[in-house]
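Worksheet: one structure, shown below.
Laboratory data are not the source of any read-out in this text; all were calculated from the coordinates shown. Please read all numbers here as calculations on a predicted model, not as lab measurements. When we count neighbours, we look across all protein chains shown, and the Cβ atoms used for this are built from the backbone with ideal geometry, even at glycine.
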Amino acid sequence: MAKSYVELRDAQQLKPESSLVKTYMIEAHVGGTGSHDDLMRLLRDAVASACQAGAKRAEVLETDEERFVLLDVQARLGATRLYVDASDARFWLAHSMDHSTAVDWVVDRLTSVTPDLDTAWLPVALLEEMAQKGSFRGLGLDYDRRPFLDCDDDDAEGVSYFKMQLWGNRAHDVLARLRQDGAFPHETTLAKVKVKSWLDGHDGAFTVDDVKFNGKVTARGTSFQCHNNLVTDLYRRYAAMIGAIEAVGRVRWEYDDSRARLRGTPVHLHIPKHGLDPADLCARLFTCGSPFRLWGLPVPISPDYYRVCAVDLHVGHALDFEVSPEWVRVYLGPETCGNTVVRLLTNLQHSLDARTEARIHGRSISELQPADGEPLHRHV
């Protein structure tokens, strides 16, 4: 890692055989008891189904340490080795130093083809939290409304495509200016932050990390431990958010002695820059395709109000939606993955409105705690 940083600093490019350290956050549903054997079974099945097209060789190798395994893939784009840390059975960290094109292909195949695996989805608010973990040194913006337009013509109502990369110490100021009224408040969707952080007590050891909205973190610097500290903090924040969504948002019956309580609260996604016909919104959300990965049957209740019984293609659990021009309301089932909410939120921020928010009990999902769950009704 340190050698790659020196090469990049001095020559402004890496040698062909060298690459940067990359860590990918992957959300998994191992099944069974969540044991090491269950983990290996999931990975081998995933590699067999996901990498058989385009890979000459793909195998999963065990190590001396339980829940730490290697993925070796020889594909057209190059050889890839992923070091998968599954010490948390649900939230994995996969490290690699191979070229991004090859590694990205493997991770994309695993998480898009295999129902039990998905990437992490980092909403704008979570990226902003990570930017505060050190010195905010750069940003990437990524807004593309074209999938929601009827044709390739420019959107007459405003900007339909806005991408930008900026590196420098003024990243915060630029972001604030672009978000001002009269600029591009609805299209300034934060997709990546560059943050420099230091390792305490180690003579200036540091890392500069690019944290991307799909859970990929690319590091350059002199300390892998510093990079790992930032990734661990990101993983803990993400896992806590998913856990809180599931604890508060899942609608389910709970029984206590002779009483039954219906617990859970719908997730309310507010879209400030509205105007889409709910029929058009449903037609793009519930078609099984990426990035939303939802299938459903929209039922019109009125011209501006639809109900949808849907299935999340990640894991395959059921959930219900209410859709209007201004908001989408999500009712999670008793076992539906909280990942569904952050995937929907993140992709609406990137394709409709950067200011889209997800709230439960009037609070942002990033502020929730599992104890916030309250009963909807009580029957004696």
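The label point for SER135 and the one for CYS288, both projected 7 Å from the Cα toward the Cβ, are 5.1 nm apart. Ellipticity at 222 nm from helices only: DSSP H runs of n ≥ 4 in the chain, each -39500 (n - 2.57), divided by the residue count, give -8500 deg cm²/dmol. Spin-label model, TRP327 to ALA260: label points 7 Å out along the Cα-to-beta-carbon direction sit 2.8 nm apart. Looking at segment 84-153, none of the trypsin sites (Lys or Arg not before Pro) sits in a DSSP loop with at most 13 other Cβ atoms within 10 Å of its own Cβ. Modelled this way, with points 7 Å down the Cα-to-C-beta line, the labels at LEU70 and ALA48 are 2.2 nm from one another. Longest stretch of the chain clear of exposed loop sites (GluC sites (Glu not before Pro), DSSP loop, at most 15 other Cβ atoms within 10 Å, sites excluded): 158-325.
Tell me, what is the percent relative contact order of the chain, built from C-alpha pairs under 8 Å that lie six or more residues apart?
Details: 810 pairs, mean separation 61.2, N = 380.
Relative contact order, the chain: 16 percent.
Calculated on C-alpha atoms, the gyration radius of the chain divided by its Kirkwood radius gives an Rg/Rh of 0.97.
Computed over segment 259-379, the convex hull of the alpha-carbon atoms projects to a mean area of 7.9 nm².
Here the relative contact order of segment 124-247, from alpha carbon pairs under 8 Å that lie six or more residues apart, stands at 26 percent. Counted residue by residue at 0.36 nm each, then reduced by the alpha carbon distance between them, the extension gain from THR232 to ARG252 reaches 4.1 nm.
At an R0 of 22 angstrom, the distance between the Cβ atoms of ARG146 and ASP277 translates into a FRET efficiency of 0.85.
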